[in-house]
Structures are given as structure tokens and as C-alpha cells.
Amino acid sequence: MKVFRSPLLEKCDGVIHGFVHDPGGPDILRIASAHGLKNILTVNQVHGNTVFFADSAMGENYAEADSVVTQQKGVGVGVITADCVPVLLYFPDSRCVCAVHAGWRGTSLRAVSNCLGAVCEKYSLKPQDAVAVIGPAIGGCCYEVRDDVASQFASRFSGEGNWLFEKGDGKFLLDLVELNRIELCDAGVLEIETMDMCTCCQDLPSYRRDGSGTDKMISFVGISP
Ligand SMILES: [Zn+2]
């Protein structure tokens, strides 16, 4: 099992997190218990921007959503990905954690700022209070899209920033990590880290490279028991 950690989140007290490649898995309960957590709550991810607030330790896994949030101690929240962008959020003062799944659809639907907005409204927080980490995802080095997807992004997001590169022949390279970083920044988050790991060219689970049989990663964050 390979576990990657964010130096930024490692500096925070009282929070447990990881970006995990558990070959053939992920075996969620095993990963949770290896990190001293009772469970890691996931949702039925549907490439949307719905936020699920997990208020109890059990039975959340069937909720349809792409962000999962909790304030429970000793319980993590996680998202499952193979190329899509996992984003972990932690609000140190309120002890609230969130995991967001943002593939190209979720990114175009602004799943990350939607989650930030919902959490800030529910718990009376500000984006400035959050620490954000963007985990391993397919990078702008490898994520080729056609002009239909590229033009959707060009019309929904301002042209500022380096996140779309034309290759010719109607093909583009799209940098979803950079788009999510800009979105967090625009929302007012001050502490943002990107793991700068490309799932496709750095031997992590990649749907684009290996197709539907690929392994999946889990990216999780939880408040210490
Ligand atoms: Zn790459």
C-alpha cells in the first residue's frame, strides 16, 4: 500500500489524512483502522456537485454526492478516484473536514467552491479559515481532451491562468488541478497545496492509461479521535 501525505496537512494538529493506492482495493476499513479511524465515509460519486453532510458513522455510502463532510471525531471522509481530482479541506477552528471529487464534469460544475460555500453557510465559517490540498490526479501533462470539452471550459472559466494548451488537430491538454487551485484561490482560501503528482505518468491508478479495469485511489481526511 502506497500512502502519500501533504506536508501542509501534516503540520496541522488533530487531523489525519492520506492519499492511498491500495492495489486491488481500496480496502476502506483496513485503511481506516491503520490510521486510527473507525471508518472512512464515502459517497456514491456521480460527477455532480452535491454536498453530503455525514452526521452519523454508518450508512452514508449510498448517498449520491461528490463532496462528503463531517465534524465527527474519529471518522474520516473520502473520495475514490483514478485520474479525477481529489480535494481535501480542513477547517482547523471548527474541526470540520471535507473530501471533494472533481473530474472534468465536477470541475466544470465548480464542485469545490460549491462544497466550500455549503460548509461555510452551514457552520458559519469563511473560506479563509480552510486549509486545502489537491491530491494526485491526471496532470496537464497527460489529460488530453477534444475541442468540445475544451470549449466548454473556455466558455465557463475566464481565460486567465495556464490551464488549457492547444496541441493542434482539435486536441487540447487540460489542467484540472490548476483549475481547482484557481477556484480555491478565487473563493478566498489562503492555504492551498497541490501534491503535483500525475496519476497517468507517475504509475498511480489511471483510468485514462489503463481503462475501466484500473485500480482506484482513496483520498481521505478525518478528525483525530
Ligand atoms: Zn502526466
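Each reported figure results from applying straightforward, stated rules to the coordinates on display, with no laboratory input. On a predicted model such as this, the values are computed, not experimentally measured, just so you know. Cβ sites come from the backbone with ideal geometry, for glycine too, and all protein chains shown count toward neighbours.
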Cut-off 14 Å between beta-carbons: net charge of the residues surrounding residue 100, Lys and Arg +1, Asp and Glu -1:
+1
Only Cα pairs within less than 10 Å get springs; with that Gaussian network setup on the chain, which residue of 137, 150, 54 has the largest fluctuation?
150
I'd like the orientation of helix 147-156 relative to the chain: the angle between its Cα long axis and the longest Cα principal axis, in ° from 0 to 90, rounded to 10.
60
Let me check against my output: what whole-number percent is the relative contact order of the chain, with C-alpha pairs under 8 Å and at least 6 apart?
27
I'd like the projected area of the chain, averaged over all directions, using the convex hull of its alpha carbons. Report it in nm² with one decimal.
11.3
In degrees between 0 and 90, to the nearest 10, how far off the longest principal axis of the chain does helix 111-123 point, with axes built from Cα atoms?
30
As I understand it, the value is the acute angle between the Cα axis of helix 176-187 and the longest principal axis of the Cα atoms of the chain; what does it come to in degrees, rounded to 10?
60
Looking only at 74, 170, 135, which one moves most when the chain is put into a Gaussian network model with springs between Cα atoms under 10 Å?
170
Starting from the Cα of residue 38, draw a straight line to each of the lysines and keep only those under 22 Å, dropping any in the same chain fewer than 8 residues away.
2, 73, 216
Find out how many positive minus negative residues lie around residue 126, taking Lys and Arg as positive, Asp and Glu as negative, among other residues whose Cβ is under 15 Å from that of residue 126.
-4
Of 196, 169, 83, the one that fluctuates the most in a GNM where the chain has Cα springs shorter than 10 Å:
169
Separation between Cα centres of segment 174-218 and segment 114-173, rounded to whole Å
10
Rounded, prolate or oblate: which fits segment 97-225 when a ≥ b ≥ c are the square roots of the eigenvalues of the alpha-carbon gyration tensor, with rounded for a/c under 1.5 and prolate only if a/b beats b/c?
oblate
With a cut-off of 8 Å between alpha carbons and a minimum separation of six or more residues, what is the relative contact order of segment 110-210 in percent?
39
